[in-house]
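Trainee: Encoded as structure tokens, here's the structure I'll be asking about.
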Amino acid sequence: MNARIKNLSSLLGSVFLTLLGLTVITFMIGRVMPVDPVIAAVGDNAPEAVIARARIEMGLDQPVVIQFLHYLAQIVQGDLGKSILTRNPVATDIARYFPATLELATAALILAAVIGIPLGVWAAVRQGSYVDQTIRVICLAGHSVPVFVLAMISLLVFYAVLGIAPGPGRQDIIFQDMVPHITGILTIDSLIAGDWDAFHDALVHMIQPVCILAYFSMAYITRMTRAFMLDALKGEFIITARAKGLSAVAVVWKHAFPTVAVQLVTVLALTYAGLLEGAVVTETVFSWPGLGQYLTISLMNADMNPVVGATLLIGLIYVVLNLLADTLYKLLDPRVR
Amino acid sequence: MISRRNLLIGGAAVPFLSYLNLTHVFADTPKDILVVAQQIDNMTSLDPHESFEAVGSEIAGNIYQKLVHPNLENADQVDGGLAESWEADAGGTMFTFKMRAGTKFASGAPVTAEDAAFSLQRAVKMNKGPAFIITQFGFTPENVEQRIAAVDEKTLKITVENPVSLSFLLYCLSANVGSIVEKKIVLENAVADDFGNGWLQKNSAGSGEWTLVAWKPSESVTLKVNPEGGYKGNIKRIILRHVVDPSSQLLMLQKGDADIARNLTTEQLRKLQGDDSYTLVQKGVASLVLISLNQKNPDLAKPQVWQAVKWAIDYKGIQENIVPLTHKIHQSFLPEGFPGAVNDTPFQKDVEKAKALMAEAGLAGGFDIVMDHYSAQPYPDIAQALQANLAEIGIRVQLQAAENRQVLTKMRAREHQMALSAWGSDYFDPHANADVFNINLDNSDNAKTKPFLWRSSWQDAEMTKKAEEARDEKDPQKRIQLYEALQKAHMEHSPFALMLQATTTAACRKSVSGMRLGTLSDSHSYAGIAKV
């Protein structure tokens with residue numbers, strides 16, 4: 001019991017320190033960067049008197065340490081401050097932008113895992129063959145071609161030339177404001193509303209950005225799966241399984257893969273966290289109003305409350321996914337328990 | 001039995017195959033909805049008494065009306081808006097406006113002089129970014145209720161502190177901050193002492209052709225026809241969709257997912273030139289590209305060096321090769337389209353003359369200098385061209401690119417040496433730019449007012465005097481002449497090398513007509529838009 005309490009308090013302590021560290025670093029970056037946030041709020045042409053008043057209203061006339069303590073006190077009360085650009089509380093903005101990223105990231109991860117894991121296993125089983133080489137080339141392209149190039153090519157080919165995919169945006173203009181906002185995830189909200197046309201529209205708008213994101217994630221997942229699998233296939237228990245006369249399928253999927261699955265949990269968790277962090281470029285090219293775009297726009301406009309708020313959320317996502325991975329580790333691998 | 005290989009291939013193909021039966025929803029935009037692809041992410045408010053950036057001003061300009069507005073064809077004239085007529089007293093301190101009959105807000109309520117008085121008082125009392133355009137006439141939160149007041153339902157009286165030119169006052173009232181809002185609705189939505197600011201940032205209470213349906217930051221703005229307004233076309237709704245990437249804007253335009261694209265670059269506009277399927281509506285806007293020479297640097301403080309820089313620049317080469325469709329050559333501080341703007345371009349590249357001026361300044365061997373510039377295109381390309389031009393006369397320029405707010409922050413701290421930046425006018429009167437380029441009453445580092453020329457530590461008593469005389473001149477014709485003379489003097493004698501004026505283009509599909517662009521963003525109008 002004591003050990004559990006000790007573990008729990010140690011865990012909470014590390015989570016607290018991680019989030020505090022993130023807050024300190026992001027807050028300080030916002031204060032030392034060579035851009036005056038007041039200019040972002042009132043414009044470059046505003047008279048000095050207006051600028052001075054805005055500086056006081058924003059608390060920027062106080063010493064940085066005082067500013068930070070005020071901000072910390074706000075956060076503790078669940079107030080992430082207001083955005084200069086959107087005029088909304090940052091929490092409200094995040095609640096609006098994050099579901100769009102969540103929808104994209106979840107779909108991309110599922111697609112990447114469903115394709116990437118079998119491909120990785122296949123490449124490992126056929127090590128050195130043309131299958132392995134082809135998969136390697138596909139993965140290499142996934143790692144090396146800039147995402148904006150692929151995104152633009154995709155738009156150009158499937159949208160502009162072939163006309164078989166929708167253009168940028170999350171939904172068609174005729175469905176705008178037609179689906180009631182419940183979860184913020186359009187596919188789910190349209191299903192709840194029973195609007196099949198809107199669901200269909202939301203789904204097709206997801207295909208291109210999801211495929212682009214999934215391709216990049218798949219390249220990583222495939223490569224890691226292949227490496228883990230190669231390692232597993234060299235194990236003595238595999239030789240034993242083969243010596244018992246088990247089929248190749250059974251050896252690979254029933255004996256080797258379960259050991260790989262444990263390691264893959266971490267890979268998938270990190271990939272998911274990376275996707276949830278906001279695929280900035282993909283969201284930009286596809287005009288996808290997600291967390292990445294929100295973060296970028298805020299940063300470009302020196303609107304620091306959203307930047308700190310979004311960074312904290314991303315930090316929290318990493319912490320939660322790490323915890324989840326640890327828990328799954330224990331479930332999948334009895335040795336860790 | 002499906003083999004593993006086929007299963008994998010089939011799985012990988014699913015997302016692509018799925019396109020084939022999911023395409024029936026794509027079609028051109030509906031006839032009564034206008035879709036505009038535009039960058040709308042720098043907008044912070046749609047309250048016309050607060051909004052002070054281009055996109056917000058443009059949208060507010062379509063939602064609200066002002067007492068007066070500049071004549072669309074002749075910038076030297078002012079036309080009535082919500083005011084039908086106006087007159088000034090002999091002393092030039094009291095102005096009476098008669099409201100136009102029959103004008104209504106979107107709510108159906110008539111627009112009265114009381115609404116007009118409330119609106120102008122509100123702008124002064126809130127004292128947000130653009131309020132100085134009105135408060136420069138001596139209005140304060142304390143005196144504004146006496147000085148701007150409704151005499152009756154149709155008559156508004158404005159009393160200014162010092163005698164001013166009628167045209168100066170009218171042009172200032174034509175700015176966005178002079179927009180008339182519906183008093184009743186705004187007050188109903190006021191919280192504490194915010195004058196309804198929090199509500200009006202995302203809602204509307206105007207009498208223009210359009211009303212605001214929704215603003216989703218960095219996503220879209222939706223407008224619908226004001227049934228009480230003057231719009232007569234077939235469009236019922238306008239949707240401004242935030243599309244950051246100009247290439248995506250072009251694709252959307254070509255595929256019919258957008259009717260108008262607003263932020264295409266030279267490269268993309270070239271693809272549409274000469275194509276009958278599109279109309280390019282172009283207009284020079286009040287945004288000037290210039291080099292500022294900080295007078296704190298002893299080399300840059302020499303008037304011969306100012307001249308040498310101006311004669312060393314290859315204006316034509318830069319315009320034709322770098323920004324042929326987005327900028328034109330312009331060398332005076334008033335943009336083309338403004339009343340009294342001088343459009344002469346006396347400077348051209350003359351290396352020998354520039355070298356002689358450098359020698360006259362005692363700097364025949366040249367000098368090293370740092371030039372800050374915006375990192376967004378086309379500024380890096382222009383900066384490189386300038387670096388090459390100035391190298392020819394011995395000025396060895398080290399370029400320092402940064403995000404535009406970083407450059408502006410540095411300039412405001414007077415820490416730059418040379419800076420390549422842009423300046424946009426605040427309102428449609430010559431004084432808007434004459435003020436910031438000529439009048440610097442306190443050149444100390446801790447000055448209370450810090451106009452654009454202060455940033456480069458430049459102060460010239462003669463130019464200040466000329467600018468103030470022009471501002472106060474009552475005779476409209478003579479006022480224009482004074483501004484013309486001031487611009488010519490400024491070209492010859494100032495540490496600012498004005499080079500280019502931006503042009504904006506609305507690329508429209510052929511089915512769209514009636515898009516109108518103005519010199520200031522608040523006059524970009526959808527009032528005559530139609531679609532077939």
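Every read-out reported here was derived from the displayed coordinates using simple, explicitly stated rules and does not represent laboratory data. All figures in this text were calculated on a predicted structure; none of them were measured in a lab. Methodologically, a virtual Cβ is constructed for each residue, glycine included, from the backbone with ideal geometry; neighbour enumeration extends over all protein chains shown.
Trainee: FRET efficiency for residue B:161 and residue B:415, Cβ-Cβ distance as r, R0 = 45 Å, nearest 0.05?
Mentor: Plugging the Cβ-Cβ distance into 1/(1 + (r/R0)^6) gives 0.80.
Trainee: Continuing with the same structure: With charges set only on the Cβ (+1 for Lys and Arg, -1 for Asp and Glu), what does the dipole of chain B come to about its Cα centre, in debye to the nearest 20?
Mentor: 1480
Trainee: In deg cm²/dmol and to the nearest 500, what is the mean residue ellipticity at 222 nm of the protein assembly as shown if only DSSP H runs of at least 4 residues count, each as -39500 (n - 2.57), divided by the residue total?
Mentor: Only helices count here, giving -15000 deg cm²/dmol.
Trainee: Between the helical axis of A:2-32 and the dominant principal axis of chain A, each derived from Cα atoms, what acute angle in degrees is found, rounded to the nearest 10?
Mentor: Once rounded, the angle reads 50 degrees.
Trainee: Just grab the label-to-label distance for residue A:18 and residue A:178, each label 7 Å out from Cα along the Cβ direction, in nm (one decimal).
Mentor: The modelled label-to-label distance comes out at 4.2 nm.
Trainee: Along each principal axis of its Cα atoms, how long is chain A end to end? Whole angstroms, biggest number first, please.
Mentor: Principal-axis extents of the Cα atoms in chain A, largest first: 85, 63, 40 Å.
Trainee: Points 7 angstrom from Cα along the Cβ direction at residue B:143 and residue B:388: gap in nanometres?
Mentor: With each label point 7 Å from Cα toward Cβ, the separation is 5.7 nm.
Trainee: Using modelled backbone amide H atoms (1.01 Å from N, in-plane), which distant-in-sequence or interchain residues come within less than 5 Å of residue B:243's amide H?
Mentor: B:38, B:39, B:40
Trainee: Also, quick follow-up: Suppose we take every Cα in region A:55-156 and form the convex hull; what volume per residue is that in Å³?
Mentor: 208
Trainee: Averaged over A:152-159, how many beta carbons belonging to a partner chain fall within 10 Å of each residue's beta carbon?
Mentor: Partner-chain Cβ atoms within 10 Å, mean over residues of A:152-159: 3.
Trainee: Take the Cα pairs of the protein assembly as shown, get the Kirkwood Rh, then feed it into Stokes-Einstein at 25 °C and 0.890 mPa s and tell me D in µm²/s.
Mentor: This corresponds to a translational diffusion coefficient of 81 µm²/s.
Trainee: Compactness ratio of chain B: Cα Rg over 2.2 N^0.38 Å, N = residue count?
Mentor: Taking N as the residue count of chain B, the ratio is 1.07.
Trainee: Let me ask something else. Under 5 Å between amide H atoms, partner at least 5 residues away or on a different chain: which partners does residue B:450 have, H built in plane at 1.01 Å?
Mentor: Close amide H contacts, sequence-distant or interchain: A:48.
Trainee: Here's something else I'd like to know. Looking only at A:326, A:177, A:79, which one moves most when chain A is put into a Gaussian network model with springs between Cα atoms under 10 Å?
Mentor: Ranking A:326, A:177, A:79 by mean-square fluctuation puts A:177 first.
Trainee: Can I ask one more? Assuming R0 = 60 Å, what is the FRET efficiency of residue B:267 and residue A:244, from their Cβ-Cβ distance, to the nearest 0.05?
Mentor: 0.35
Trainee: Let me ask you something else. Can you give the charge dipole size of chain A about its Cα centre, rounded to the nearest 20 debye, using +1 on the beta carbon of Lys and Arg and -1 on the beta carbon of Asp and Glu?
Mentor: 1660
Trainee: May I ask you to evaluate 6.51 cos²θ - 1.76 cosθ + 1.60, the Karplus curve with θ = phi - 60°, for each residue of region B:508-522 and list the ³J(HN,Hα) values in order in whole Hz, giving x for glycine and proline?
Mentor: 10, 5, 4, 6, 9, 9, x, 6, 10, 10, x, 5, 9, 4, 6
Trainee: Place +1 on the Cβ of every Lys and Arg and -1 on the Cβ of every Asp and Glu in the protein assembly as shown, take the dipole about the Cα centre, and give the residue among B:371, A:222, B:281 whose Cα lies farthest towards its positive end.
Mentor: A:222
Trainee: Turning to a different aspect of this structure: Once Lys and Arg get +1 and Asp and Glu get -1 on their Cβ, which of B:253, B:91, B:337 lies farthest toward the positive end of the dipole of the protein assembly as shown?
Mentor: B:253
Trainee: Under a crude label model (7 Å from the Cα following the beta-carbon direction), how far is residue B:84 from residue A:316 in nanometres?
Mentor: The two pseudo-label positions are separated by 5.9 nm.
Trainee: What's the extension gain from residue B:76 to residue B:343 if we count 0.36 nm per residue and subtract their Cα-Cα distance?
Mentor: 94.6 nm
Trainee: Here is a further query. Could you give the radius of gyration (one decimal) and Dmax (whole number) of the Cα atoms in region B:284-503, in Å?
Mentor: Final numbers for Rg and Dmax: 16.4, 49 Å.
Trainee: Fewest first, what order do A:312, A:156, B:240 take by the number of other Cβ atoms within 10 Å?
Mentor: If I rank by nearby Cβ atoms, fewest first, I get A:156, A:312, B:240.
Trainee: When the Karplus curve 6.51 cos²θ - 1.76 cosθ + 1.60 is applied with θ = phi - 60°, which whole-Hz ³J(HN,Hα) does each residue of region B:175-187 get, with x for Gly and Pro?
Mentor: Result, ordered by residue: 6, 4, 5, x, 5, 9, 10, 7, 4, 4, 5, 5, 5 Hz.
Trainee: Taking the beta-carbon count within 10 Å as an exposure proxy, list A:31, A:226 from fewest neighbours to most.
Mentor: Going from least to most buried by this count: A:31, A:226.
Trainee: Rounded to the nearest angstrom and ordered from largest down, what semi-axes does the equivalent ellipsoid of region A:52-99 get from its C-alpha gyration tensor (root of 5λ)?
Mentor: 22, 15, 6
Trainee: Considering chain A as a Gaussian network with a 10 Å cut-off on Cα pairs, which listed residue, A:244, A:254, A:82, attains the greatest mean-square fluctuation?
Mentor: Result: A:244 has the largest fluctuation of those listed.
Trainee: Return one number: the angle in degrees, 0 to 90 and rounded to the nearest 10, between the long axis of the Cα atoms of helix A:291-300 and the longest principal axis of the Cα atoms of chain A.
Mentor: Once rounded, the angle reads 40 degrees.
Trainee: Follow-up question, since we're still on this one. Dipole of region B:445-488 (Lys/Arg Cβ +1, Asp/Glu Cβ -1, origin at the Cα centre): which of B:454, B:470, B:487 lies farthest to the positive side?
Mentor: Ranked along the dipole, the leading option is B:454.
Trainee: Could you give me the radius of gyration and the Dmax of region B:158-254, taking only the C-alpha atoms into account and expressing both in angstrom?
Mentor: 18.0, 55
Trainee: Please state the Cα pair-distance histogram of region A:1-111 with 5 angstrom bins from zero: what percent is in each bin?
Mentor: 2, 9, 12, 16, 16, 14, 11, 8, 5, 3, 1, 1, 0
Trainee: Collect residues whose amide H, placed 1.01 Å from N in the peptide plane, falls under 5 Å from the amide H of residue B:327; neighbours closer than 5 in sequence don't count.
Mentor: B:503
Trainee: Here is a further query. What does the charge dipole of the protein assembly as shown about its Cα centre add up to, to the nearest 20 debye, if the Cβ of each Lys and Arg holds +1 and the Cβ of each Asp and Glu holds -1?
Mentor: So the magnitude is around 3180 debye.
Trainee: Related question: In peptide A:283-290, how many Cβ atoms from other protein chains are near each Cβ within 10 Å, on average?
Mentor: 4
Trainee: When all C-alpha to C-alpha distances in region B:94-184 are sorted into bins of 5 Å, what percent of pairs does each bin hold, rounded to whole numbers?
Mentor: 3, 15, 26, 28, 19, 8, 2, 0
Trainee: Any number yet on Rg/Rh for region B:402-532, C-alpha, Kirkwood?
Mentor: 1.07
Trainee: Evaluate E = 1/(1 + (r/R0)^6) for residue B:367 and residue A:140, where r is the Cβ-Cβ distance and R0 equals 45 Å; express this FRET efficiency to the nearest 0.05.
Mentor: It comes to 0.35.
Trainee: To continue, here is another question. Apply the Karplus parameterisation 6.51 cos²θ - 1.76 cosθ + 1.60, with θ equal to phi minus 60°, to every residue of region B:53-67 and state each ³J(HN,Hα) to the nearest whole Hz, in sequence, with x for glycine and proline.
Mentor: 3J(HN,Hα) across region B:53-67, in whole Hz: 10, 4, 5, x, 5, 5, 5, 4, x, 8, 9, 10, 10, 10, 4.
Trainee: Something else now. Could you give the angle, 0 to 90 degrees to the nearest 10, between helix A:64-76's Cα long axis and the longest principal axis of the Cα atoms of chain A?
Mentor: 60
Trainee: Using 0.36 nm per residue of separation minus the Cα-Cα distance, give me the extension gain between residue B:477 and residue B:234 in nm, one decimal.
Mentor: 83.4 nm
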